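Data block below; observations after.
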Amino acid sequence: RRQRILIWGVLLAAWEAAQGQLRYSVPEEMPKGSFVGDVAKDLGLQLPALSDRGIRLLDKGRTQHFALHGTTGHLVTAERIDREQLCRLVEQCVLRCELIVEEEMKIYGIQVEITDTNDNAPSFREAEIELRMSETTAPGSQFPLARAHDPDSGQNSLQSYELSGDEHFSLAVQTGPGGDQRPELVLAKVLDREEAAFHELVLRASDGGDPARTGTARIRVTVVDANDNAPVFSQAEYTVRVPEDVPVGSTLVTVTATDADEGLNGQVKYSIKKETDMASDIFQLDPETGAITLVQNLDFEEGDSYELKVQAYDGGALFDTTKVVISVTDVNDNAPELTVSSALSEISEDAPTGTVVALLHVQDRDSGANGEVRCSLEAGVPFLLEKSFEDYYRVVTARELDREQQSEYNVTVRAVDGGRPALQSSTVLALRVLDVNDNAPVKSVYEARVAENLPPGSLVGKVQATDADVGSNGQISYSFNNVPDRIRELFSVDIVSGEVRTEVPLDFEEKSKYSFGLEARDGGGLTDNCKVQIDITDENDNAPEI
């Protein structure tokens, strides 16, 4: 190809020499000293020595691009010529110089066209192109791209563009008013930042040289987030079981929601939808972390389950809702409660076996084994504990009571639950046993010795009976028991004290011994008898009789 250009340049130069104008062409980037044209031949100048004839070359411009070979008469390059550097903005690059033949006083103009070679590949000003697109961008949208530059001309200049790397994008090339190609990036498929936050593309520019040269630019498309995703909780429902004695301030559960968006659209915060004031007063939700903490003491007996509606929302007001169920488990923190519903303070000692002394109610606010209560009485008391109705018990007499053995009882009733450790409570029933006349006075035998002739009212002796009963039942009165009138004439008995006294002076000589019965009677009509024996001692009250 280069030979064809040189042959054509020689023929053209020969024709134009006759016109006083020489024209040559030479490819760019030829090494220094490369042949441009045979000036001597084209001008019909005789060799050998051109310099002797005063032939010299004047180069226009600051730089001498050509030289005249003094021996051969050839026009050669004085340096390596870069067409793109010299003629960056013109299509046809022509360098001019003059040849002066002083001997003939002639001047010849020389024009040398610097033809283009494909020594430059297309290039982009920036090898990395950054684009930002919203994920809501409509397919078909076009985005102008930076054009490649190729300083070569003609077929060696930029001819085409090609895009590779991603199915979401295609390339459209528009033709400008000057015939220049303007590449545009076309969105072919809907973007989804959550699926792919970045797209890497390669834009390739090719020229028409043989072989063709190419230049590339890497395009990085950053998908800008749109708030097209709501927060999503990791669970549709959170369930947690906590004991009722969990300390205030404890974190019970942490809810977690994620948002596939980024930035403000992906920042998740939490709040409680106030279904009930009680739950919102007991629990607190951290809006940043989703941690639910306890702010008040739990009480299983007041509430064994709480349900919260928790909402997670992003910066774009999209939200999700989950349910949090907090189940409170019972702890044995309540002792059984014993209540005396009804009770006797006094009971007759002759009350029949099974007589109800007290009615008790027992309850335990705990549940399960913690709320199962066993009741019992202290050992060694004449009472029994019987189940009455549901949580009611009754205390009944196990046998007949005997006031004379024990007149009062303090009966302890205990209630113990099934917790571990077990809790218990107790109550004391105070019961006084009332007396009935079930004991007769205790009899005694009395003997006395008195002197005869004692004055009336003299004390002979005193009888005394005992009665285990109390009150009127134990009050004893004394009297004669079926005695002859003669005894009543001689003796008297005090009804209260039981003192036996003489009514008249006794006479040993009349009778030396008396025996009679006395009766002791209590206030209930029970009696007992005793025998009184009185011996009369003799006094010297009679003179001898002759």
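The values are calculated or read from the model by the stated rules, or taken from the named source; none is laboratory data. These numbers come from a predicted model, not from an experiment. No Cβ is skipped: glycine too gets one built from the backbone with ideal geometry, and neighbour counts run over all protein chains shown. In case anyone asks, the SASA skips ligands and DNA or RNA and just uses the protein heavy atoms, side chains included. Shrake-Rupley method; radii C 1.70, N 1.55, O 1.52, S 1.80 Å.
The single condition among (1) on the phi > 0 side of the Ramachandran plot; (2) surrounded by 19 or more Cβ atoms within 10 Å (Cβ to Cβ); (3) in contact (Cβ under 8 Å) with a residue 40 or more places away in the chain; (4) not charged (D, E, K, R) that ASN453 does not meet is (2). I'd like to check something: does the range 484-492 contain any residue that is modelled with pLDDT of 90 or more, surrounded by 15 or more Cβ atoms within 10 Å (Cβ to Cβ) and not in a helix (DSSP H, G or I)? So far as the range 484-492 goes, yes, one or more of its residues are modelled with pLDDT of 90 or more, surrounded by 15 or more Cβ atoms within 10 Å (Cβ to Cβ) and not in a helix (DSSP H, G or I).
Exactly one residue out of VAL445, VAL413 is among the aliphatic types (A, V, I, L, M) and more than 23 Å from GLY354 (Cα to Cα), and it is VAL445.
Just to be sure, is VAL373 closer than 30 Å to VAL242 by Cβ and in contact with a Leu (Cβ under 7 Å, 6 or more places away or on another chain)? Considered against the rule, which asks whether it is closer than 30 Å to VAL242 by Cβ and in contact with a Leu (Cβ under 7 Å, 6 or more places away or on another chain), VAL373 comes out as no. Taken together, ALA422, ALA415, ALA468 contain a single residue that is over 60 Å from the mean Cα position of the chain (by Cα) and surrounded by 13 or more Cβ atoms within 10 Å (Cβ to Cβ), which is ALA468.
None of ASP259, ASP207 is in contact with a helix residue (DSSP H, G or I) (Cβ under 7 Å, 6 or more places away or on another chain) and in the same structural domain as GLY315 (by the TED database) except ASP259. Which members of the range 328-370 meet the condition of being in contact (Cβ under 8 Å) with a residue 24 or more places away in the chain, surrounded by fewer than 16 Cβ atoms within 10 Å (Cβ to Cβ), among the small types (Gly, Ala, Ser) and under 13 Å from LEU431 (Cα atoms)? Those that are in contact (Cβ under 8 Å) with a residue 24 or more places away in the chain, surrounded by fewer than 16 Cβ atoms within 10 Å (Cβ to Cβ), among the small types (Gly, Ala, Ser) and under 13 Å from LEU431 (Cα atoms): SER345, SER348. Does SER160 satisfy being surrounded by 12 or more Cβ atoms within 10 Å (Cβ to Cβ), over 26 Å from THR115 (Cα atoms), out of contact with any Gly (no Cβ under 8 Å at 6 or more places or on another chain) and of a type in the set (S, T, N, Q)? It is false that SER160 is surrounded by 12 or more Cβ atoms within 10 Å (Cβ to Cβ), over 26 Å from THR115 (Cα atoms), out of contact with any Gly (no Cβ under 8 Å at 6 or more places or on another chain) and of a type in the set (S, T, N, Q).
Taking the range 289-327 as the range and being open to solvent by less than 30 Å² (accessible area, probe 1.4 Å), closer than 30 Å to GLY419 by Cα and out of contact with any Gly (no Cβ under 9 Å at 6 or more places or on another chain) as the test, the residues that pass are ILE292, LEU298, GLY303, TYR306, VAL324, VAL325, ILE326, SER327. Looking only at residues in the range 40-55 that are open to solvent by 40 Å² or more (accessible area, probe 1.4 Å) and not aliphatic (A, V, I, L, M), the one that is modelled with the highest pLDDT is LYS41. Looking across the range 387-397 at every residue that is at pLDDT 90 or above and not polar (S, T, N, Q), the one that is nearest to THR412 (Cα to Cα) is identified as VAL395. The residue that is farthest from GLY471 (Cα to Cα), counting only those in the range 399-411 that are surrounded by 14 or more Cβ atoms within 10 Å (Cβ to Cβ) and not acidic (Asp, Glu), is VAL411. Can you find a residue that is closer than 29 Å to ARG83 by Cβ, among the basic types (Lys, Arg) and open to solvent by 60 Å² or more (accessible area, probe 1.4 Å) anywhere in the range 184-198? Scanning the range 184-198 turns up no residue that is closer than 29 Å to ARG83 by Cβ, among the basic types (Lys, Arg) and open to solvent by 60 Å² or more (accessible area, probe 1.4 Å). Screening SER250 on (1) over 30 Å from ASP364 (Cβ atoms); (2) open to solvent by less than 70 Å² (accessible area, probe 1.4 Å); (3) among the small types (Gly, Ala, Ser); (4) free of Cβ contacts under 8 Å to residues at least 60 places away in the same chain shows it passes everything except condition (1). Mind telling me which of the residues GLY179, GLY165 ends up being out of contact with any Gly (no Cβ under 6 Å at 6 or more places or on another chain), of a type in the set (Gly, Ala, Ser), outside the structural domain of GLU91 (by the TED database) and within 24 Å of ASN118 (Cα to Cα)? Every option except GLY179 fails the conditions.
Residues in the range 56-69 that are at pLDDT 75 or above and within 13 Å of LEU99 (Cβ to Cβ): ARG56, LEU57, LEU58, PHE66, ALA67, LEU68, HIS69.
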